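Below is one structure, written out as structure tokens, with a few remarks after it.
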Amino acid sequence: MRLTLVRNATLLVELAGRRILVEPMLDDARARPPVEDSPNPRRNPLVPLPFPAEDVVRGLDAVVVTHLHKDHFDETGARLVPRDVPVFCQPEDEEHLAGLGLDARAVADELEWDGLRVARTQGRHGHGELAEELGPVSGFVLDGLYLAGDTVWCPEVDQAIERHRPRVAVVNGSGACFVEGGPLVMTTADVREVVDRVPTVVVVHLEAIDHCLETRAEVRAAVPGALVPEDGETIELPAEGY
């Protein structure tokens, strides 16, 4: 298995002979305004893509969209994602994605696609009422790879790990937040919880959006057991079990 971090939570996953794009955020740098109520307002994305957007979407077998926030599925991603590959999503987003002409396939619990098990998991995009306001978010498991999505450490994530026993987890770090309220995604303390339970943990969602606060250096120092790739970096993982 190979994981290539494009930028933020956008990943190219090469798994069992398939090329899968996760979270197609492909806008040019500074194409969008700051996140509303960001503690550090700057135009987003903060950094450019490490390679052309057209190269990111070339030769895809499938796409995974965990939810529709702009830092996971933006206008350029919506325009460039091929219309002839399945786009796995949560049920709440199927109608919107299908309306764009995409081959949207909602995953209620789990399904099999081309010999690959695709399961959807639950999460919490923040704490308390804020998580409710930000709407439903999901994670996905592709065989032994767990894509946690935009979630803090919570019972739903613990249950997903217990149920699916992934060998690799990709988690969204940075402790992103608004001016008021707690973290919206995992902090380094949350990442440690995952590292304690999953053999290999990859931390993404860093240094690309203005309300993401924890840096790569801070995550590496606080959680040395996690892998923290740079934009454009590919991580090779053992083929055993895939």
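Among the residues examined, V194 does not qualify as under 14 Å from the mean Cα position of the chain (by Cα), closer than 23 Å to Q90 by Cα and not charged (D, E, K, R).
Scanning region 116-127 for residues that are without any contact (Cβ under 8 Å) to a residue 40 or more places away in the chain, open to solvent by 50 Å² or more (accessible area, probe 1.4 Å) and not in a strand (DSSP E or B) yields one hit, R124. Evaluated against (1) at positive phi; (2) open to solvent by 40 Å² or more (accessible area, probe 1.4 Å), N8 falls short on exactly one condition, (2). What are the residues in region 134-186 that are polar (S, T, N, Q) and either surrounded by fewer than 19 Cβ atoms within 10 Å (Cβ to Cβ) or not in a loop (DSSP other than H, G, I, E, B) (or both), if any? Matches in region 134-186: S138, Q159, N172. Considering region 187-224, and only residues there that are in a loop (DSSP other than H, G, I, E, B) and either open to solvent by less than 10 Å² (accessible area, probe 1.4 Å) or in contact with a strand residue (DSSP E or B) (Cβ under 7 Å, 6 or more places away or on another chain) (or both), the residue that is nearest to V137 (Cα to Cα) turns out to be H205. Restricting V87, V81 to those that are closer than 26 Å to R32 by Cα and either in contact (Cβ under 8 Å) with a residue 60 or more places away in the chain or of a type in the set (S, T, N, Q) (or both) reduces the list to V81.
Scanning region 50-67 for residues that are in contact with a helix residue (DSSP H, G or I) (Cβ under 8 Å, 6 or more places away or on another chain) and not in a helix (DSSP H, G or I) yields a total of 3. E236 satisfies every condition listed in (1) out of contact with any Lys or Arg (no Cβ under 6 Å at 6 or more places or on another chain); (2) within 20 Å of M1 (Cβ to Cβ); (3) not aromatic (F, W, Y) except (1).
Among the residues of region 68-115, those identified as at pLDDT 95 or above, loosely packed, with under 13 Cβ neighbours inside 10 Å, of a type in the set (D, E) and outside any helix (DSSP H, G or I) are D84, D109, E112. Taken over region 31-47, the residue count meeting the criterion of being over 17 Å from H205 (Cβ atoms) and open to solvent by 60 Å² or more (accessible area, probe 1.4 Å) is 5.
Listed here are the residues, each with its yes/no results for (1) closer than 20 Å to T151 by Cα; (2) more than 18 Å from the chain's Cα centre (by Cα); (3) of a type in the set (A, V, I, L, M).
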{"residue": "V35", "(1), (2), (3)": "yes, no, yes"}
{"residue": "R42", "(1), (2), (3)": "no, yes, no"}
{"residue": "V47", "(1), (2), (3)": "no, no, yes"}
{"residue": "A62", "(1), (2), (3)": "no, no, yes"}
{"residue": "H69", "(1), (2), (3)": "yes, no, no"}
{"residue": "V81", "(1), (2), (3)": "no, no, yes"}
{"residue": "D84", "(1), (2), (3)": "no, yes, no"}
{"residue": "D93", "(1), (2), (3)": "yes, no, no"}
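Per this entry, G173 is counted among residues that are small (G, A, S) and either free of Cβ contacts under 8 Å to residues at least 40 places away in the same chain or under 27 Å from A16 (Cα atoms) (or both). Within region 52-67, how many residues turn out to be within 22 Å of G17 (Cβ to Cβ) and surrounded by fewer than 14 Cβ atoms within 10 Å (Cβ to Cβ)? Final tally of qualifying residues: 3.
The values are calculated or read from the model by the stated rules, or taken from the named source; none is laboratory data. Treat the numbers as computed from the prediction; the structure is a model and nothing was measured. Don't worry about glycine lacking a Cβ; one is built from the backbone with ideal geometry, like all the others, and counts go over all protein chains shown. SASA here: full protein model, heavy atoms, side chains in, ligands and nucleic acids out. Shrake-Rupley method; radii C 1.70, N 1.55, O 1.52, S 1.80 Å.
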